[in-house]
Amino acid sequence: MKIRIKGDSVRLRLTQTDIRNLGQQGYVQEQTHFANAIFGYCLRRSNTAGDIYADFSDGKITVFIPDDFVKTLVETDRVGYDAVQSINHGSKLFILVEKDFQCLDHTLEDQSDMYLNPNKTC
């Protein structure tokens, strides 16, 4: 799983293994270790959530995703889901959870567990 954060936007990109684990175990998580702290992020299935939402505490972002969204991601070709969460002072947090596709250009990143890109060119 990869995370991309910019301003009030959080994007999680999931490999085939991540999607399978989300369906079977109900969560996927990653950690980045720094000299003085660990930053974590997690996608967790929720049987009570009506939409995607996020929380941040103790150095960890947790994105919650409804059960039926997980089922659709696991069983179909649906690429992802997005949501807008109201936060403090009238601001909004944009959240995107999506399958990770292979790059069309050359990259050194291991792409063997990514989904085949449906596009043929950039």
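Sort out which residues of the stretch 60-71 are surrounded by fewer than 16 Cβ atoms within 10 Å (Cβ to Cβ) and either modelled with pLDDT under 95 or part of a strand (DSSP E or B) (or both), and write them in order of number.
Looking only at the stretch 60-71, we keep the residues that are surrounded by fewer than 16 Cβ atoms within 10 Å (Cβ to Cβ), and these are 60, 67-68, 71.
Within the stretch 60-71, LYS60 is the sole residue that qualifies.
Let me confirm something: among ASP51, ASP68, ASP8, ASP58, which residue is touching a Leu at 6+ places or on another chain (Cβ under 7 Å) and closer than 26 Å to LYS92 by Cβ? Even if it seems obvious, please write down each step before you answer.
Numbers: ASP51 fails: touching a Leu at 6+ places or on another chain (Cβ under 7 Å); ASP68 fails: touching a Leu at 6+ places or on another chain (Cβ under 7 Å); ASP58 fails: touching a Leu at 6+ places or on another chain (Cβ under 7 Å).
Of the residues listed, the single one that is touching a Leu at 6+ places or on another chain (Cβ under 7 Å) and closer than 26 Å to LYS92 by Cβ is ASP8.
Condition (residue is out of contact with any Pro (no Cβ under 8 Å at 6 or more places or on another chain) and at pLDDT 95 or above) applied to the stretch 97-114: is it met by at least one residue?
Residues of the stretch 97-114 that are out of contact with any Pro (no Cβ under 8 Å at 6 or more places or on another chain), as a first pass: 97-100, 102-114.
Retained after the next criterion (residues that are at pLDDT 95 or above): 97.
Checked the stretch 97-114: at least one residue is out of contact with any Pro (no Cβ under 8 Å at 6 or more places or on another chain) and at pLDDT 95 or above.
Report whether or not ASP55 is part of a strand (DSSP E or B) and in contact with a Phe, Trp or Tyr (Cβ under 9 Å, 6 or more places away or on another chain). Reasoning before the result, please.
Details: part of a strand (DSSP E or B): yes; in contact with a Phe, Trp or Tyr (Cβ under 9 Å, 6 or more places away or on another chain): yes.
Yes, satisfied.
Based on what the data block shows, is ILE38 surrounded by 13 or more Cβ atoms within 10 Å (Cβ to Cβ) and β-branched (Val, Ile, Thr)?
On the way: surrounded by 13 or more Cβ atoms within 10 Å (Cβ to Cβ): no; β-branched (Val, Ile, Thr): yes.
So ILE38 does not fit the description; no.
Give the number of residues within the stretch 1-36 that are modelled with pLDDT under 95 and hydrophobic (A, V, I, L, M, F, W, C).
Residues meeting the conditions: 3.
The values are calculated or read from the model by the stated rules, or taken from the named source; none is laboratory data. Because the structure is predicted, anything quoted here is derived from the model rather than measured. For neighbour counting, all protein chains shown are included, and Cβ atoms are generated from backbone atoms with ideal geometry for every residue, glycine included.
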